[in-house]
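No lab work stands behind these numbers, since they all come straight from the coordinates. Not measured: the values here are computed from a predicted model. Cβ: placed from backbone, ideal geometry, glycine included. Neighbour counts: every protein chain shown.
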Amino acid sequence: MSGQKRLIVVGIPGVGKTTVIDRMMRISKKKQLRAEHVVFGTVMMQEAGKLGVSDRDQMRRLPVGEQKRLQSLAAERIGKMTTDLLVIDTHLFIKTGEGYMPGLPIDLLKPLAPTNMVLVDASVPEVLARRAKDSTRQRDVGSKEDVQLDKQMAVSMLGATGVALGVPSLIVENKDGEADKAAETVLRAVGVG
Ligand code: ATP
Ligand code: MG
């Protein structure tokens, strides 16, 4: 493996990012690699904790300026992590009343210093079924049309990110029952498998 690999893994809600990353961790640990799975929102919450904020809802209610500060503290901290394989689990956009809002604007992406961008994708029926079935979360299932549009937006944002950072963007299909295969495809593509 050549140097450290820092992957930002993105995808629309419920497509299976966390599942695929968990499998990537399992496979890389078997290969004795130092690998770490970092959820951007969790690191942000840890930074908020240092300021006495104790839960996500409280964090969401902070003034926008405070939230931006927490985001950049989280990005800086993740930027300093040095495991062989670092996988950052996050969203490239958030849906708001005013439209698609970047989850990671360029000033946050740069300190994360990714070597690769990875988009986890799945078909519209697979995404809808996964959202409906996931009893661990309260998910908005959405319509077929919403999911189709979100998938298109995810691909355009991925391309924009690749151009802005000058790193390769990979799209991986996470087919039903084949999360391991998706994980292996990513690891092989980035030179870890
Ligand atoms: P979020 O953006 O909300 O964090 P996510 O993209 O991380 O979502 P997961 O939590 O990994 O999505 O997966 C959502 C649901 O889909 C879970 O119940 C998970 O078990 C299921 N799932 C993920 N991948 C597959 C797969 N390949 N086959 C079948 N079910 C899957
Ligand atoms: Mg997840």
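Under a Gaussian network description of the chain, with springs only between Cα atoms under 10 Å, the residue in 19, 136, 83 that fluctuates furthest is 136.
Just to be sure I understand: with springs between alpha-carbon atoms less than 10 Å apart, which residue in 108, 62, 92 has the highest mean-square fluctuation in the Gaussian network model of the chain? Comparing 108, 62, 92 in a Gaussian network model of the chain, the most mobile one is 62. In the frame of its principal axes, the range 120-193 has Cα extents of 35, 27, 19 Å, reported largest first.
What is the extension gain from residue 30 to residue 171, computed as 0.36 nm multiplied by their sequence separation minus the C-alpha to C-alpha distance, in nm to one decimal?
Details: separation 141, 0.36 × 141 = 50.76 nm, distance 2.44 nm.
So the chain would gain 48.3 nm between residue 30 and residue 171.
Binning all Cα-Cα separations of the range 51-105 at 10 Å, short to long from zero, yields these whole-percent fractions: 18, 46, 31, 6. The label point for residue 178 and the one for residue 123, both projected 7 Å from the Cα toward the Cβ, are 1.1 nm apart. When the Gaussian network model of the chain links Cα atoms closer than 10 Å, the mean-square fluctuations of 177, 103, 49 top out at 177. Debye-formula intensities of the chain, expressed as log10 I(q)/I(0) at q = 0.11, 0.12, 0.13, 0.15 Å⁻¹, are -0.50, -0.60, -0.71, -0.96 (one equal scatterer per alpha-carbon, no solvent).
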